1. Out of the residues in segment 34-66 that are under 30 Å from THR310 (Cα atoms) and more than 16 Å from the ligand (Cβ to nearest atom), which is surrounded by the fewest Cβ atoms within 10 Å (Cβ to Cβ)?
2. Outside the structural domain of ILE212 (by TED's automatic domain parsing), at pLDDT below 95 and either assigned to a loop (DSSP other than H, G, I, E, B) or near the ligand (Cβ under 10 Å from one of its atoms) (or both): which single residue out of ARG107, ARG14 fits that description?
3. Taking the options LYS235, LYS205, name whichever one is in the same structural domain as PHE360 (by TED's automatic domain parsing), within 16 Å of the ligand (Cβ to nearest atom) and modelled with pLDDT of 95 or more.
4. I need the full set of residues from segment 124-141 which are more than 9 Å from the ligand (Cβ to nearest atom), touching a strand residue (DSSP E or B) at 6+ places or on another chain (Cβ under 8 Å) and over 13 Å from ALA54 (Cα atoms), in order please.
5. Considering only segment 184-202, state which residues are over 18 Å from THR290 (Cα atoms) and either modelled with pLDDT under 95 or not aromatic (Phe, Trp, Tyr) (or both).
6. Tell me which residues, restricted to segment 323-359, are farther than 22 Å from PRO119 by Cβ and in a loop (DSSP other than H, G, I, E, B).
7. Go through segment 110-122 and give me each residue that's in a helix (DSSP H, G or I) and either surrounded by fewer than 19 Cβ atoms within 10 Å (Cβ to Cβ) or not assigned by TED's automatic domain parsing to the domain that holds LEU146 (or both).
8. Of all residues in segment 301-322 being over 18 Å from the mean Cα position of the chain (by Cα) and in a loop (DSSP other than H, G, I, E, B), which is nearest to the ligand (Cβ to nearest atom)?
Amino acid sequence: MARTTKKTAPKTTRTTKKPAAKPKDLRNRKMAAPRLPYLPQDPKSYKPNIGLIACGGITATHLRAYKKAGYKVVALCDLIEQRAQDRRKEFYPKADVYVDYRDVLARDDIEVVDIATHPKDREPLLEAALRAGKHVLSQKPFVLDLDFGKKLIRLADRKGVKFAVNQNGRWAPHFSYLRNAVAAGLVGEVFAAHLSVHWNHNWVKGRPFDKIRHCILYDFAIHWFDMLNCLMGSKKARKVYASWARSPGQVATPKMLGQVGIEYDKAQASLTFDADVRYGGQARNYIAGTAGTLISQPEGDEQEQVTIYTPKGFGKPRLRGQWFPDGFHGTMGELLRSIEQGREPYNSARHNLESLALCFAAIASAETGKPVKPGTVKRLEPGWM
Ligand SMILES: NC(=O)c1ccc[n+]([C@@H]2O[C@H](COP(=O)([O-])OP(=O)(O)OC[C@H]3O[C@@H](n4cnc5c(N)ncnc54)[C@H](O)[C@@H]3O)[C@@H](O)[C@H]2O)c1
């Protein structure tokens, strides 16, 4: 009798193979934000006498910053003497008061002058100060004519003095962190920068700014053109498109809405200014690069907070300080450091001319409705001011 063989199932070796581990996605992991030198810096030992020419509204912030930093302001000058007297009383009671800027320039013990008039009044003062051999910090917007700006820069070079522009936004804590992060290569090559501001600028009504036709795209926006100039590094803008409009509820005279699109080689940027926002105002900056992204925006009631996104995760630096007055500490501190170290200031007039070229191109585009190549519009036409 044939034996039946019991069929047994072939033995299987049970493998408890784990599924292959997915590469860790670190993008959503919180990381320590990179530490960057975003705070204003002081010279090591150079503490020259400083003269302030013009004591208008904004100079309270200049002097608040200088006093906090321990800078030596020894002369205060304004055509309206009372304004200089008021600043003296509040900030530097030992300073001398002048109504004629030439008396400040004639003082050999003053090496640095800070000139804070409006641009039209400022141009002859800048020239006289450089001719007198002073290191100069100019308020913004720097000049009304790019060629005149170049002439002043050549004069400063000939005189061997440093020439900087008070683009204090560069040291606003969030902007300073953003530009330092980009300069350190933390987000790779920047290909997109979108900066927008939505706020209420109607306060200019009845003040000299109310008479500036391009109060928004020129006087105000120069800080953002300047920021873009810092963020885009060596990339040169090819074309600028801009438009402007009146807002239905605006109180101020100049048009309160402006927007700008900028073309670069392998990059694009935009600036938006909504200057008639009464509720929920805010500012936001979005910068994308090949290796990361930077965002700054208000969080809750706090001022602009920065988030940096990289392949290793995202980080939120705890930033100290405020644009007003720390930005003003940053600009004067950098000028003083550049004098002490015998180098070009980071906020040099030379670098700022590139920001102005973008700004002038945008104004020309808004006026004509056509795209404009930066650098081709050298000055604001009389009808555009
Ligand atoms: N964030 C910033 O950096 C910021 C903010 C506001 C204003 N600003 C800029 O600062 C400049 C001044 O603004 P403001 O608000 O102080 O203006 P303002 O009108 O309050 O003051 C201008 C002052 O300049 C004085 N002045 C004019 N010619 C003079 C001369 N030859 N000698 C001495 N004094 C002279 C006037 O008497 C006046 O007191 C503008 O260019 C403006 O765009 C910058």
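The values are calculated or read from the model by the stated rules, or taken from the named source; none is laboratory data. This structure is a prediction, so every number in the text was calculated from the model and none was measured. Cβ sites come from the backbone with ideal geometry, for glycine too, and all protein chains shown count toward neighbours.
1. Taking the candidates together, the pick is ARG35.
2. Selected residue: ARG14, the only one of ARG107, ARG14 that is outside the structural domain of ILE212 (by TED's automatic domain parsing), at pLDDT below 95 and either assigned to a loop (DSSP other than H, G, I, E, B) or near the ligand (Cβ under 10 Å from one of its atoms) (or both).
3. That would be LYS205, the only listed residue that is in the same structural domain as PHE360 (by TED's automatic domain parsing), within 16 Å of the ligand (Cβ to nearest atom) and modelled with pLDDT of 95 or more.
4. ALA129, LEU130, LYS134, HIS135, VAL136
5. Result: LEU195, SER196, VAL197, HIS198, ASN200, HIS201, ASN202.
6. GLY342, ARG343, GLU344 - these are the residues of segment 323-359 that are farther than 22 Å from PRO119 by Cβ and in a loop (DSSP other than H, G, I, E, B).
7. Within segment 110-122, LYS120, ASP121 qualify.
8. GLU302
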